[in-house]
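The values are calculated or read from the model by the stated rules, or taken from the named source; none is laboratory data. Predicted model only: the values in this text are computed from it and were never measured. Using ideal geometry, Cβ is built from the backbone for each residue, glycine included, and neighbour counts are taken over all protein chains shown.
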């Protein structure tokens, strides 16, 4: 992956998950909802196990999470961490807006 692609991907994931997190936090009136949901979404995307396998074969499904995450390239981890940073920043922004008196929905 080239440097311009990496920079665009980082900005894209940061802005994308900031926006999704901001909307979810505003609608559900919970400050950190996206910060909790984001790791679950990433595990669902990265891991090859189906959702049913987490219930029927939890040992196999959860052990494969570590293998899947550690097999990612450093570039992929940087991009995913930028998305997590966007989710956390959305929680901070919502919290700051509520402290300053803005009532969203």
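Just to be sure I understand the filter: pairs with C-beta atoms under 6 Å, separated by 6 or more residues or on different chains, first member in the range 89-105 and within 20 Å of residue 16 (Cα to Cα), second member at pLDDT 90 or above and surrounded by 10 or more Cβ atoms within 10 Å (Cβ to Cβ). Which pairs pass?
89/18; 90/18; 90/21; 90/22
Give 61, 49 a once-over and let me know the one that is free of Cβ contacts under 8 Å to residues at least 24 places away in the same chain, over 12 Å from the mean Cα position of the chain (by Cα), surrounded by 15 or more Cβ atoms within 10 Å (Cβ to Cβ) and not in a helix (DSSP H, G or I).
On the way: 61 fails: not in a helix (DSSP H, G or I).
Going through 61, 49 in turn, just one is free of Cβ contacts under 8 Å to residues at least 24 places away in the same chain, over 12 Å from the mean Cα position of the chain (by Cα), surrounded by 15 or more Cβ atoms within 10 Å (Cβ to Cβ) and not in a helix (DSSP H, G or I): 49.
So, residue 24, is that one modelled with pLDDT under 95, assigned to a helix (DSSP H, G or I), under 30 Å from residue 102 (Cα atoms) and touching a helix residue (DSSP H, G or I) at 6+ places or on another chain (Cβ under 7 Å) or not? I'd like the intermediate steps shown before the answer.
Details: modelled with pLDDT under 95: yes; assigned to a helix (DSSP H, G or I): yes; under 30 Å from residue 102 (Cα atoms): yes; touching a helix residue (DSSP H, G or I) at 6+ places or on another chain (Cβ under 7 Å): yes.
Yes.
Determine, yes or no, whether residue 38 is surrounded by 13 or more Cβ atoms within 10 Å (Cβ to Cβ) and at pLDDT below 85.
Working: surrounded by 13 or more Cβ atoms within 10 Å (Cβ to Cβ): yes; at pLDDT below 85: no.
No, not satisfied.
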